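The values are calculated or read from the model by the stated rules, or taken from the named source; none is laboratory data. As the structure is a prediction and not an experimental result, all values here were calculated from the model. Positions of Cβ are backbone-derived with ideal geometry, glycine not excepted, and every protein chain shown enters the neighbour counts.
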Amino acid sequence: MNIESVIGDYKSFLDEIFYNLKTVGVSLGDLVELDHIAYRTDSILKYEEIKEELLPFLKRYSDKEFGGRNILVGRFEQPLIYSRFKISGIEVLAPKKDNMYKNGLEHAEFVIDGILEDFRAKYKNIDFNLNAYERDINPELIIEFDNCAVKFHEISLLDVRKI
């Protein structure tokens, strides 16, 4: 079994992410790290299934409730490689009550070079989702596209969760 048999074609997913970033004008030079990709599930059963299938690929992980649902954050035994980026982690999200998502890769998260406030000012032409911009722990800027999203942080989620 390989990682693609568990999470799908992550390279095509990232092709779409980077195409979208180029379309809105985000410079890859502002991105220090692609720290993880995220997989959403449509049920608790699917969450548990994906979690079990992922465990052989992870050297460390955390599975905790956050925001009313379980979220697994794991560090790969061997990072995924895409272009110049080494992707160290994955996030698997169980559904929140009354939220419907399809199973599959949903977003990618980047650590930026600098602080969010400066990044936001540099890209003032982008209509960021600011729902998590003011939060105390690891605030983020989000760009939502038709079939995926991109999140930007100052610190890697793996570092925040100490994984």
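The rows are residues; the columns are (1) under 21 Å from Arg40 (Cβ atoms); (2) of a type outside the set (Lys, Arg); (3) within 14 Å of the chain's Cα centre (by Cα).
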| site | (1), (2), (3) |
| --- | --- |
| Phe66 | yes, yes, no |
| Ile81 | no, yes, no |
| Ile90 | yes, yes, yes |
| Asp98 | yes, yes, no |
| Glu117 | no, yes, no |
| Asn129 | yes, yes, no |
| Asp136 | no, yes, no |
| Ala149 | yes, yes, yes |
| Leu158 | yes, yes, yes |
Could you list, ordered by first residue, the pairs with Cβ atoms under 8 Å in which the first is in segment 1-28 and within 23 Å of Ile112 (Cβ to Cβ) and the second is part of a loop (DSSP other than H, G, I, E, B) and of a type in the set (A, V, I, L, M), at least 6 apart or interchain?
Val24/Ile126; Gly25/Ile126; Val26/Ile126
Given the criterion at negative phi, assigned to a loop (DSSP other than H, G, I, E, B) and either buried (at least 19 other Cβ atoms within 10 Å of the Cβ) or within 14 Å of the chain's Cα centre (by Cα) (or both), identify the matching residue among Val26, Val73.
Val26
State whether the residues of segment 19-31 include one that is modelled with pLDDT of 95 or more, farther than 30 Å from Lys122 by Cα and in contact with a strand residue (DSSP E or B) (Cβ under 8 Å, 6 or more places away or on another chain).
no
So, of the residues in segment 99-138 that are in contact with a strand residue (DSSP E or B) (Cβ under 8 Å, 6 or more places away or on another chain) and among the small types (Gly, Ala, Ser), which turns out to be farthest from Ala38 (Cα to Cα)?
Ala132
Please name all residue pairs, on different chains or six or more residues apart, with Cβ atoms under 9 Å, provided the first residue is in segment 85-112 and is within 14 Å of His153 (Cβ to Cβ) and the second residue is polar (S, T, N, Q) and assigned to a loop (DSSP other than H, G, I, E, B).
Ser88/Ser156; Gly89/Ser156; Glu109/Ser156; Val111/Ser156
Going by what's in this entry, would Ser62 be described as surrounded by fewer than 19 Cβ atoms within 10 Å (Cβ to Cβ), hydroxyl-bearing (Ser, Thr, Tyr) and not in a strand (DSSP E or B)?
no
Output for Cβ contacts, cut-off 9 Å, separation at least six or different chains, first residue under 16 Å from Gly104 (Cβ atoms) and touching a residue at least 12 places away in the same chain (Cβ under 8 Å) in segment 141-163, second crowded, with 18+ Cβ neighbours inside 10 Å and of a type in the set (Asp, Glu), reads Asn147/Glu106; Cys148/Glu106; Ala149/Glu106; Val150/Glu109
